Amino acid sequence: MLVRRRRTALILTTAAATAALAGVGVITAVSAHAAVGCSVNYSVASQWQGGFGANVTITNLGDPLNGWTLRWSYSAGQQVTQAWNATVTQSGSQVTATNVGYNGNIGTNGTASFGFNGTWNSSNPAPGSFSVNNVACTGAVSY
């Protein structure tokens, strides 16, 4: 009987201490939010009649990334034909570039770069917006 009473007393004491700490705000639930943000530098390195070569650099302004997917849209019918340092796919005007094994991790203020060749018909305007991992690249960090 004595063992049972000690165990009950210990449980009651622990519960009372937890309740007391919670009552004074010592035990607090914290919600963690990752800092996200990015910027993209898209440049046409060379252009010829009906074709172009482009370079893209992603700068991670937020918490480190472990894998990335960059998305953008073309407005004038451009088509990606060949890429390096990323896997690039296109469906209509929507383009998706994903990291390859060796460039998937981007630390805070770090960069990842890739390039590609493409075709164009009447004009070759640069994309107006980009997103990395479904977060708009605005050049600012959000929490």
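Being among the hydroxyl-bearing types (Ser, Thr, Tyr) and loosely packed, with under 15 Cβ neighbours inside 10 Å is the filter here; which residues of the stretch 70-110 pass it? Listed by number, the residues that qualify are SER73, SER75, THR81, THR87, THR89, SER91, SER93, TYR102, THR108.
Taken as a whole, the structure places VAL100 among residues that are more than 16 Å from TYR42 (Cα to Cα), β-branched (Val, Ile, Thr) and touching a Ser or Thr at 6+ places or on another chain (Cβ under 8 Å).
Checking ASN124, ASN41 one by one, the residue that is modelled with pLDDT of 95 or more, of a type outside the set (A, V, I, L, M) and in a strand (DSSP E or B) is ASN41 and no other. Scanning the stretch 78-112 for residues that are part of a strand (DSSP E or B) and more than 22 Å from SER122 (Cβ to Cβ) yields ALA83, TRP84, THR87, VAL88, THR89, THR96, ALA97, THR98, ASN105, ILE106, THR111, ALA112. Only a single item in (1) on the phi > 0 side of the Ramachandran plot; (2) open to solvent by 80 Å² or more (accessible area, probe 1.4 Å) is not met by ASN66, and it is number (1).
Would you confirm whether any residue within the stretch 61-83 is touching a Leu at 6+ places or on another chain (Cβ under 8 Å) and either in contact (Cβ under 8 Å) with a residue 24 or more places away in the chain or of a type outside the set (Ser, Thr, Tyr) (or both)? Looking through the stretch 61-83, none of the residues is touching a Leu at 6+ places or on another chain (Cβ under 8 Å) and either in contact (Cβ under 8 Å) with a residue 24 or more places away in the chain or of a type outside the set (Ser, Thr, Tyr) (or both).
The values are calculated or read from the model by the stated rules, or taken from the named source; none is laboratory data. Given the structure is predicted, the values throughout are model-derived calculations rather than measurements. No Cβ is skipped: glycine too gets one built from the backbone with ideal geometry, and neighbour counts run over all protein chains shown. When the accessible area is computed, the model is the full protein with side chains, heavy atoms only, and any ligands, DNA or RNA have been set aside. Shrake-Rupley method; radii C 1.70, N 1.55, O 1.52, S 1.80 Å.
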